[in-house]
Amino acid sequence: MVLDRQGYDDLIMYLTQNLALFEKPGEIKPGSPTIMELIEDDIAENVMLLCQQHTELTTEQRSQIVREVDGIVYDLQEVLSSVTSNQVTIEQHAFIDEFAALVKNLFDSAVAESA
């Protein structure tokens, strides 16, 4: 659906270009989640929103989305493996929020094209 598209390659390039955010210290709000917890929560929220907005999705399509999202989370975990258990900084939080929204946009586009 999206993993084999140019948009996903562009998204990974965007992550690569912003890796410095995860290599430097920054301000951490008290009670901040870990980087991995935030990634999982943000992407899960966006997938639920996607499915709510696209009620026409079949069970097969929803399953495909979940499989691909698992792959995306795995890719993020691999790229960020050395920092996933660190608490998220304010800057990292903003980036992860944006990244998760871009993932949703990829799926929105794919769903629209398949309609």
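The values are calculated or read from the model by the stated rules, or taken from the named source; none is laboratory data. Keep in mind it's a predicted model, so treat the numbers as computed, not measured. Quick reminder, even Gly has a Cβ in these numbers, built from the backbone with ideal geometry, and neighbours come from all protein chains shown. Areas reflect the complete protein model, heavy atoms only, side chains present, ligands, DNA and RNA absent. Shrake-Rupley method; radii C 1.70, N 1.55, O 1.52, S 1.80 Å.
Sequence-ordered 3J(HN,Hα) estimates for segment 67-74 from the Karplus curve with 6.51, -1.76 and 1.60 and θ = phi - 60° stand at 4, 5, 5, 4, x, 5, 4, 4 Hz, glycine and proline given as x. The alpha carbon centroids of segment 1-25 and segment 76-115 are separated by 8 Å. The charge dipole of the chain, taken about its Cα centre with unit charges on the Cβ of Lys, Arg, Asp and Glu (plus for the first two, minus for the last two), comes to roughly 100 debye.
Based on the Cβ-Cβ distance from Ser85 to Asp10, what FRET efficiency comes out when R0 is 22 Å, to the nearest 0.05?
Efficiency, rounded to the nearest 0.05: 0.20.
Using the 1.4 Å probe convention, the accessible area of the chain works out to 57 Å² per residue with neighbouring protein chains retained. Convex hull volume of the Cα atoms of the chain, normalised per residue: 93 Å³. Using a simple spin-label model with pseudo-atoms 7 Å out from Cα toward Cβ, Asp108 and Glu78 lie 2.8 nm apart.
Subtracting the Cα-Cα distance from 0.36 nm times the residue separation, let me have the gained length for Leu19 to Gln64 in nm, one decimal.
Details: separation 45, 0.36 × 45 = 16.20 nm, distance 2.82 nm.
Stretched fully, the Leu19-Gln64 segment lengthens by 13.4 nm.
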